[in-house]
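> First the structure, then my questions, so here it is.
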Amino acid sequence: MATRCITTPLCKCALFSITGFLSCFAIASENPAPPEISSKIWVTSGFLSYHQNRKANYNERNTGIGLEYYLNDESALTIGHYRNSVRKDTTYLEYVYTPIKIGNVRLGGAVGVLDGYPYLNHGKYAPVLMPVATVTFRIFDRNVGINAVYIPSLIPRVDSSVAIQFKLAVGS
């Protein structure tokens with residue numbers, strides 16, 4: 001059963017994401033960010049996503065922009081806009097809570113609302129709840145980071161996927 005999981009595309013993507021996070025962790029160990037979030041405001045990109053259902057022809061380059069505002073090291077408010085996987089515009093507002101810290105990696109979840117998905121509340125705002133991982137580190141004296149989310153399958157409405165998002169601290 002475990003061998004079968006490793007051969008599925010979503011498991012490969014999850015392993016690739018974990019490997020990427022561990023690589024970022026190694027970089028972060030050499031270039032540690034300050035122990036606390038040094039900037040309250042971060043600019044975020046859209047998402048790169050990978051969907052388990054490879055036949056659905058999803059858009060996996062979800063261009064967009066957003067902001068994160070850190071209330072403290074564990075909590076942030078996020079707002080943003082991107083072109084989603086079904087090629088519709090999506091606006092989101094979320095509260096992100098990442099209480100588990102392992103080095104520069106933080107784990108937790110996000111709760112909020114988003115729109116633009118026809119199968120979720122007919123494209124109008126719908127609630128979201130998802131696991132989140134984030135890593136921050138310094139490159140060229142700038143605080144940068146990567147957020148990763150997992151969207152579980154909600155058959156027949158949502159196919160599972162993983163997505164990553166890049167971020168840059170303002171004024172770091």
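> Suppose R0 equals 22 Å; then what is the FRET efficiency for ASP89 and ASN57 from their Cβ-Cβ distance, rounded to the nearest 0.05?
0.75
> Rg/Rh for region 72-172: what does it come to with C-alpha atoms and Rh from Kirkwood?
1.00
> In which sequence would HIS51, HIS81 go, from the one with the fewest C-beta neighbours within 10 Å to the one with the most?
Ranking HIS51, HIS81 by Cβ neighbours within 10 Å, fewest first, gives HIS81, HIS51.
Quick note: the coordinates plus some simple rules give every number you see, no bench work behind them. All values derive from a computational prediction rather than experimental measurement. Neighbour counts are summed over all protein chains in view; Cβ atoms, including those assigned to glycine, are modelled from backbone coordinates with ideal geometry.
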